[in-house]
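Single-structure report; data block below.
What follows draws every value from the coordinates through simple rules; no lab data is involved. As the structure is a prediction and not an experimental result, all values here were calculated from the model. Ideal geometry is used to build each Cβ from the backbone, glycine not excepted, and the neighbour counts take in all protein chains shown.
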Amino acid sequence: MNVKFSDDFGKNEEAIDLGGPRREFLRLLTEALSMSPMFEGTDESKNVAMNSTAIREDKYFLAGRAIAINLVHGGPAPRFLSPVLFASLVGGPNTACPTLKDVTDADLHEKLKKVSESSTLEELLRDTDPLLDLMTNTGCVRPLTTINDRDLLLRDLLMFHVVHRVQGPFESLRPKEVTEEEQKMQLFICGEIICKMQKMRKDHQRFKTSLYLQLEQMRSHQSAFLQHHPLSLSMRAVKKAPQNECSPWPTHV
């Protein structure tokens, strides 16, 4: 892999790739992946998210290739992957053990938390009523006869929401055999994503610089105005006027 960075006008930087530009490219690539809408969760623990645009444009497959290229060429590890997603990639979806922390939907998280905290059969039946639609879609509608049914129901609901619901995008993350031309095109698209991120950062930096210059200009104008204000001039004249030895007050000319 030979990486060359270019400016806003498309002119390549005068530098030879001895490892530094490649590492920077892979770092920016990993950062772009962690910020993409294809993943959801905290910065240190993200799972696959359902995104119709990414599915339509096959971006999950591109993300899988980008992660593979990053690891092969010695880039930074994708530390944003959650333990559940990592376990699914390594050992398959059936090895995943999602918990309530993997549920990013606040409303669903609260409902599942109530189910997990139920201690009697009556509480369990009451807390599962708001989840009837989800239980129907999951295939978990079944008689709950004892409180011991709680843990298995909760595990099935978590597996569906975190793993099985995004099975299609997850399978696209796994690298497939592609031609050399397809690999070049994928690297080009990755570079385009990074360029967009860099442009956003530059625009933000220009805005902060412009705002700082405007504030400095306002301060300069304010200082000049105060220096030439009649009251300020008169006060400076009083300070420079000779003092009368017999009187503590300044003598006005």
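Taking 45 Å as R0, compute the FRET efficiency from the Cβ-Cβ separation of Gln217 and Thr95 and round it to 0.05.
Computed FRET efficiency for Gln217 and Thr95 comes out at 0.15.
So for the pair Asp107, Asp156, with labels modelled 7 Å out along Cα→Cβ, what separation do we get in nm?
In this crude label model, Asp107 to Asp156 measures out at 2.3 nm.
Could you work out the relative contact order of the range 100-162, using alpha carbon pairs under 8 angstrom and six or more residues apart, expressed as a whole percent?
38
Equivalent ellipsoid semi-axes for the range 42-135, as square roots of 5 times the alpha carbon gyration tensor eigenvalues: give them largest first, rounded to whole Å.
Sorted largest first and rounded, they come to 34, 15, 11 Å.
Where Lys and Arg each count +1 and Asp and Glu each count -1, what net charge lies around Met159 among other residues with Cβ under 13 Å from its Cβ?
My count for the surroundings of Met159 gives -1.
What is the log10 of I(q)/I(0) for the range 106-179, computed with the Debye formula using one identical point scatterer on each Cα and no solvent, at q = 0.17, 0.23 Å⁻¹?
-0.64, -1.03
Would you mind ranking Leu89, Leu121, Leu157, Leu152 so that the residue whose beta carbon has the fewest other beta carbons within 10 Å leads the list?
Ascending number of Cβ neighbours within 10 Å: Leu152, Leu121, Leu89, Leu157.
Ignoring solvent entirely, what values of log10 I(q)/I(0) come out of the Debye formula for the range 22-70 at 0.27 Å⁻¹ when each Cα is a single scatterer?
Computed log10 I(q)/I(0) values: -1.09.
Mind counting lysine pairs for me in the range 9-160? Cα separation below 18 Å, and the two need to be 8 or more apart along the chain or on different chains.
Taking the range 9-160 as the scope, the lysine pair count is 5.
Counting other C-beta atoms within 10 Å, and keeping those with at most 14, which DSSP coil GluC sites (Glu not before Pro) do you find in the range 84-182?
Glu177
When a footprinting reagent is the concern and you count Cβ atoms within 10 Å, what order do Ile147, Ile67 take, fewest first?
The order, fewest Cβ neighbours first, is Ile147, Ile67.
Extension gain Glu122-Val72, at 0.36 nm per residue separation less the Cα-Cα distance, in nm?
So the chain would gain 12.6 nm between Glu122 and Val72.
What nm value, rounded to one decimal, do you get for the distance between Glu24 and Glu57 when each label is placed 7 Å out toward the C-beta?
If labels sit at Glu24 and Glu57, their model points lie 2.6 nm apart.
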